[in-house]
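Notes for the one structure printed next.
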Amino acid sequence: MLTDHAKLVTFFSQCEEVIGRKKLQKMIYILKKCGYPFEERYQFHFYGPYSEELTLRVEELCNLGFLQETREKKSGYHQYRYELTGDGEEFLEHYNLEIPPMTELIEQMNGYSSRFLELVSTMMYFDTFPKDEMLEKVKTVKSSLNYTDEEIQEASDFIDKIKQ
Amino acid sequence: MAYKDEKLNEEKVFKDPVHRYIHVRDRVIWDLIGTPEFQRLRRVKQLGTSYLTFHGAEHSRFNHSLGVYEIVRRIIENFKDRPHWDDEERLLCLSAALLHDLGHGPFSHSFEKVFKLDHEDFTRKIILGNTSVNHVLSRVDKGFPQKVADVINKTYENKLVVSLISSQIDADRMDYLQRDAYFTGVSYGHFDMERILRVMRPMEDQVVVKESGMHAVEDYIMSRYQMYWQVYFHPVTRSAEVILTKILHRAKELYESNYTFSLEPVHFRSFFSGEVDLDDYLKLDESITMYYFQIWKEEEDPILRDLCNRFVDRHLFKYVEFNPNQQMSEWMELHQLFQKAGIDPDYYLVVDSSSDLPYDFYRPGEDGERLPIHLLMPNEELKELSRQSDIVEAISGKKRTDHKLYFPRDLVEGLSNRSKTKKRILEILYG
C-alpha cells in the first residue's frame, strides 16, 4: 500500500531539503534514469521532463502531513521548499524498501541550479540518440535558454560521472 | 501535385455529436483515417472503465481523435495570416492532432501500470515503425513521420505547434471535456469553445488568449475541475479500475508460476513476459481483453475467476475514506485480519490515491514547473491566468487529493457471524 509514496518519502529522508518544484522534478527524473525505482511517469514539457504524477503525489504527501511545503517569495515569483516531517519519518518505519542509498547523488544535485539540472535531465531524456544528434536536439528544444558549450560539457561530464 | 497538397475532390464530413461535423479535405488526413492502426482506436474506449459508472461512456479514442483534429483545423483557420503563424506547419499540426492518441491500448491506464508500458512510446513506434500510418506519412516527406512524432512527444522545435495539441489549454482537453460530458450525460464539462477559439492568438512558443476572452477560459477551467471530481475521479470507476488492475496482476502472476490456463493466453504472452513488440501490442484491443475476461470467469484459479466475475458482471468493491497518516495501524491490522479470514489482502484490500489517476489539474506554473495559460493584455503584455482571475486562483490553491480503501464487502459479510475476525473488520471499516 502506498509504496510509491513511500519511495518518495525515502528520497526526502535522505536529503535535508529540496528547494524548488522544478528542481525536485528534475532530481527524481535523474535518479530514475540512474536506475532508482521511482514509478512516476514523465513526459517532455516546456521545461524538460515533467511528471504530473510526481506533482500530485508530493501534494498528497503534504496534505497527509508527511512533507512540509514552505512557500517563499523570491524576486517576482514564488519558490517552494520541501522537508520531511516527523509523521513522514514514522510513515517510513512501516516500510522495508530496498532502495540503494542515494544521499551522495542527492547532495551533488542539490549543489547545482535548477537550470543546470534542466539541462542534465533534458540530455538524459534524449539519451537513446547518438551523442551528436542528442546535443543537436537539446540545443533545439532548449534554444531559449542559450546553454553555453561549457555548460553542456559540464552536464555531459556530470552524466558520465553519475552513471558510473 | 505533391501528395502533401493533394485535396479530395469533395470535402468528406463525419457527423459528430460534439462538433456537429468533422471536415476532411486533405488527402493525407483521409488516408491516415483509413489505416488499420487508426481504425483500431474504434476498439479502445476513451474513458476506460467509466462505462461501469456512466452507462453512456462507451465512446472511443477514434471519436476523440477526430474531435481533436477538428478543433486544431478550426484554430489554424483562425491563425492564417497572423504573426508568428507559419502555414507550412498546417499539415503537420493536423496529422499530429489526429494521431496523438494512436498508441493507447485497451484500458491503457491499468495496462501501463501493471506491465510498465507507456502509450506515448507506442505512439512513436507506430508512427516511425513499419506500419500503414508510417507509409502514409512518409509519402509526404521522408522526415515527416519524425516531425509528427516530435510534435506529439513535445520535442518539436516550434513550441507553438506543440502547444496546440499539448498545453494547459489545448485541443486535446477541449475535445475530451466536451465529449466526455456529452457521453457520460453530466451537465458539467460544457464551456464556450467557439469564444475561446475566436480569442486564441499565436505567439512565439505558445498559444495565448486575448484578455477579453478570460471568462470563457474561466468556464473551461471550472468545467475541467468539476469533470475531474465528478467523472474522472469517480469512486465507482476507481473500484472497477482497481479490480481490472488486480486481474492483470493475478493473470501475470499465474503465468509466471507456470499455471495452465484453460485457454492459452496467446494475446497476453508478451505482456506477461515483458517483451511487448508492436505487432502484439496492436493486436490486443478491448474486445480481445474482454473475451479473455469472459473465459477467465470460469478459470480454476479462484482469485482470477472471482475478479473477472466482478469486473464483467459489475460486482465491484466497496470503499471507505482512508487517511494513511491517521489509519496506518488500522490498515496493518486489517491486512492481518483479511489474511486470517482467508481473503488475500494483496488482491482484496487496496488503497487507491488520486495520484494514481491519469488526469491533471490546472497549474499556474509557479516556480517554473509547467507552462501556464497566458492572457494577452491590451498593451500586449502577457499575464498568467490565475493572477487575473479570482475564480481560477481560488481553485488553483484548493486541496485536491483523495485516498480510498477498496474491499469486497460481500466476502467480509459472507464470513460466519460468530467470527470475531469479521466483527473486527467491520468495526474498523465502518466504525
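Averaged over the residues of peptide A:61-67, the number of Cβ atoms from other protein chains lying within 10 Å of each residue's Cβ is 4.
A Cβ-based charge dipole, computed about the Cα centre of the protein assembly as shown with Lys and Arg at +1 and Asp and Glu at -1, lands at about 1360 debye.
The residues of segment A:82-106 occluded by other protein chains by 30 Å² or more of accessible area, set against the chain on its own, are A:His94; surface from heavy atoms, 1.4 Å probe.
Evaluated at q = 0.07, 0.10 Å⁻¹, the base-10 log of the normalised Debye intensity for the protein assembly as shown, with identical point scatterers placed on the Cα atoms, takes the values -0.45, -0.96. Residues considered: B:His403, B:His374, B:His64. Largest GNM mean-square fluctuation over chain B, using C-alpha springs under 10 Å, is found at B:His403. In this structure, the amide hydrogen of B:Phe107, modeled 1.01 Å from its nitrogen in the peptide plane, lies closer than 5 angstrom to those of B:Lys45, counting only residues at least 5 positions away or on a different chain. Applying D = kT/(6 pi eta Rh) to chain A, where Rh is the Kirkwood radius over alpha-carbon pairs, T corresponds to 37 °C and eta to 0.692 mPa s, the Stokes-Einstein value obtained is 198 µm²/s.
Overall, the accessible surface of segment B:234-311 at a probe of 1.4 angstrom is composed of carbon and sulfur to the extent of 47 percent. In a simple Cβ point-charge model (Lys, Arg +1; Asp, Glu -1; nothing else charged), segment A:3-163 has a dipole of about 600 debye relative to its Cα centre. Less than 5 angstrom separates the built amide H of A:Leu67 from those of A:Cys62, A:Thr85, all sequence-distant by 5 or more or on a different chain.
Shielding of peptide A:47-59 by partners, expressed as the average count of other chain Cβ atoms within 10 Å per residue Cβ, is 4.
Which is farthest toward the positive dipole end of segment B:3-230 among B:Phe111, B:Val18, B:Ile127, measuring Cα position about the Cα centre, with Cβ charges +1 (Lys, Arg) and -1 (Asp, Glu)? Looking along the dipole axis, the top candidate is B:Phe111. Between segment A:124-164 and segment A:77-122, the alpha-carbon centres lie 23 Å apart. Close amide H partners of B:Lys318, meaning residues 5 or more places away or on another chain with modelled amide H under 5 Å apart, are B:Phe407, B:Arg409.
Modelled label positions at B:Asp87 and B:Ser329, each set 7 Å beyond Cα in the direction of Cβ, lie 7.3 nm from each other.
Against chain B, whose longest principal axis is taken from its Cα atoms, helix B:328-341 shows a tilt of about 60°.
So what does log10 I(q)/I(0) come out to for chain B at q = 0.06, 0.12 Å⁻¹, using the Debye formula with one equal point on every Cα and no solvent? So the normalised log intensities are -0.29, -1.06. Which angle from 0 to 90°, rounded to the nearest 10, does the C-alpha axis of helix A:21-33 make with the longest principal axis of chain A? Helix A:21-33 sits roughly 80 degrees off the main axis of chain A. For the chain pair B and A, the interface hides roughly 3800 square angstrom of accessible area in total, found with a 1.4 Å probe.
Ignoring aspartates and glutamates fewer than eight residues from B:Lys422 along the same chain, the ones with Cα atoms less than 12 angstrom from its Cα are B:Asp410, B:Glu413. Take the solvent-accessible surface of the protein heavy atoms, probe 1.4 Å, and return the percent of it on segment B:3-230 that carbon and sulfur atoms account for. Solvent-exposed carbon and sulfur of segment B:3-230 make up 44 percent of the total. Taking the Cα centre of each part, how many Å lie between segment B:125-151 and segment B:222-247? Rounded to whole Å, the Cα centres lie 34 Å apart. For the residues B:Glu204, B:Glu300, B:Glu380, a GNM of chain B with alpha-carbon springs under 10 Å puts the largest fluctuation on B:Glu380. Enumerate the aspartates and glutamates that B:Lys12 could reach by cross-link, defined here as Cα to Cα under 18 Å, with residues fewer than 8 away along the same chain left out. By straight Cα distance, B:Lys12 reaches B:Asp26, B:Asp31, B:Glu70, B:Glu77. The portion of the accessible surface of segment A:3-163 made up by carbon and sulfur, rounded to a whole percent, is 44 (1.4 Å probe; DNA, RNA and ligands excluded). Between the listed residues A:Met124, A:Tyr147, B:Ile425, the Cα displaced farthest toward the positive end of the dipole of the protein assembly as shown, a dipole computed from Cβ unit charges relative to the Cα centre, is found at B:Ile425. Looking at the protein assembly as shown, the accessible area is 43 square angstrom per residue; that uses a 1.4 Å probe and ignores ligands, DNA and RNA. Along chain A, the longest continuous region that contains none of the GluC sites (Glu not before Pro) in a DSSP loop with at most 13 other C-beta atoms within 10 Å is A:18-97.
Candidate cross-link partners of B:Lys283 among the aspartates and glutamates, defined by an alpha-carbon separation under 13 Å and a same-chain spacing of 8 or more, comprise B:Glu37. Placing +1 on each Lys and Arg Cβ and -1 on each Asp and Glu Cβ, with no other charges, gives segment B:3-230 a dipole about its Cα centre of roughly 540 debye. Between A:Phe38, A:Phe91, A:Phe12, which gets the highest mean-square fluctuation from a Gaussian network model of chain A, Cα cutoff 10 Å? The residue with the greatest mean-square fluctuation here is A:Phe91. Each label point was placed 7 Å from the Cα along the Cα-to-Cβ direction; for A:Glu104 and A:Glu72 their separation is 2.8 nm. Cross-linked pairs B:Lys80/B:Lys210; B:Lys125/B:Lys252; A:Lys33/B:Lys404; A:Lys163/B:Lys154; A:Lys22/B:Lys113; B:Lys113/B:Lys246: Cα-Cα separations exceed 19 Å for B:Lys125/B:Lys252; A:Lys33/B:Lys404; A:Lys163/B:Lys154; A:Lys22/B:Lys113. Loop-resident trypsin sites (Lys or Arg not before Pro) (DSSP state other than H, G, I, E or B) in segment B:392-431 with no more than 15 further Cβ atoms inside 10 Å of their Cβ: B:Lys398, B:Lys399, B:Arg418.
The values are calculated or read from the model by the stated rules, or taken from the named source; none is laboratory data. Given the structure is predicted, the values throughout are model-derived calculations rather than measurements. In this analysis, Cβ positions are derived from the backbone assuming ideal geometry, glycine residues included, and neighbour counts consider all displayed protein chains. The area values use the complete protein model at the heavy-atom level, side chains included, leaving out ligands, DNA and RNA. Shrake-Rupley method; radii C 1.70, N 1.55, O 1.52, S 1.80 Å.
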